[in-house]
Structures are given as structure tokens and as C-alpha cells.
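What follows is a set of notes on a single structure, which appears directly below.
Rule-based calculations on the coordinates, nothing more; no lab input. All values reported here derive from a predicted model rather than from experimental measurement. Cβ placement follows ideal geometry from the backbone for every residue including glycine, while neighbour counts extend to all protein chains displayed.
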Amino acid sequence: MQRVRKIMLGLVASIAMASALLLPGCSENIQESIATDVNNKSFTFASGAVFHPALADMVTTLTFTLNGTDFTLASANGTAVGANTFQPCILTVALSTYAAGTGPQAHDEIKLGPCDFDLTNKTLIVGNGTITAISAPAVQQ
């Protein structure tokens, strides 16, 4: 019984320490993306896998224009353009120069959740259900 108590105390202490370490990573300055956060800004990601599996390990830039409703997704293999909606963020590809299997194609929907903006760091945090990616700080267009 005494051994179980020691193990439980150790487990509780470990959980408490892990929680304390995670708290500084939380920020009140992270919010759902809105048009004013992303409009006329470019966000560069070290890997575009969150947008399409073929863009894994490929630098990919997502640019928003027209009050955040239009987007351009660009990497070395091509460019996709289309419309964006918020809550949730859905990028609907209208035109694409990516060859089949190398990136998003016309009529593809790229559903992003989370689709958050870090006000402090000016970064975009996006996910697709299995992958989450954080951009470099935004560049004004």
C-alpha cells in the first residue's frame, strides 16, 4: 500500500509540474482569426503539409487579400487561389497551377481548425485535424 501511495504522489507531482510548464505557453492573445488579423498579410509555413500532403517539408506561403476573403497559397511547385471563409476557416480553391497530386486542385476545400491568430507574435496557427502548424510572423502586403 505504501508503494502505491508513493507512485500516486509521484504521478500527481509530475502532472502538477507538467501543467505549470504548459501554462506560460497559453496566451490570452490567441484568438480565432478574423479578417482584420489576416487582411493584406502573408504567412509563411516551414511545411505546407497542413494544406496538402504533397506540400510536406515544402515552404508554403498563405496570403490573404480583399478583407481576408481571397487567398493565395504558394510554394515551389505551384500556386492555388480562391476564396476564404471564417468560422471555421475554409479555403476553397478556384484555380491551381499545381500538377495533380502535387498540391491543391481547383474545387478542393481546405478546412482549417484551429485557424487562430496570435496577436503578440503576429503568427497564424492552423490545423487540419491531424497536423497543426504555426507560421512565421505576418508580412504586410
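Coupling constants for the range 99-113 follow from the phi torsions by the Karplus curve (6.51 cos²θ - 1.76 cosθ + 1.60, θ = phi - 60°), and in residue order they are 5, 3, x, 10, x, x, 10, 3, 6, 5, 10, 9, 8, 10, x Hz; glycine and proline get x. Considering only alpha-carbon pairs that sit under 8 angstrom and 6 or more positions apart, the relative contact order computed for the range 52-138 is 17 percent. What base-10 log of the normalised intensity I(q)/I(0) is obtained for the range 30-140 from the Debye formula, alpha carbons as equal point scatterers, at q = 0.12, 0.15, 0.18 Å⁻¹? Debye intensities relative to I(0), on a log10 scale: -0.33, -0.53, -0.79. In this label model, residue 59 and residue 120 are separated by 2.7 nm, measuring between points 7 Å along each Cα→Cβ vector. For the pair the range 58-133 and the range 30-46, the centres of their Cα atoms are 11 angstrom apart. For residue 30, the residues whose amide H sits under 5 Å from its own are 119, ignoring neighbours fewer than 5 places away on the same chain, with H placed 1.01 Å from N.
Quick one: length gained pulling residue 67 to residue 141 fully straight, 0.36 nm per residue minus the C-alpha distance? Please list the in-between numbers first.
Values: separation 74, 0.36 × 74 = 26.64 nm, distance 1.23 nm.
Length gained between residue 67 and residue 141: 25.4 nm.
Going 7 Å from the Cα of residue 105 along its beta-carbon direction, which residues of the range 41-59 have the amide nitrogen within less than 13 Å of the resulting point? Output list for this probe position: empty.
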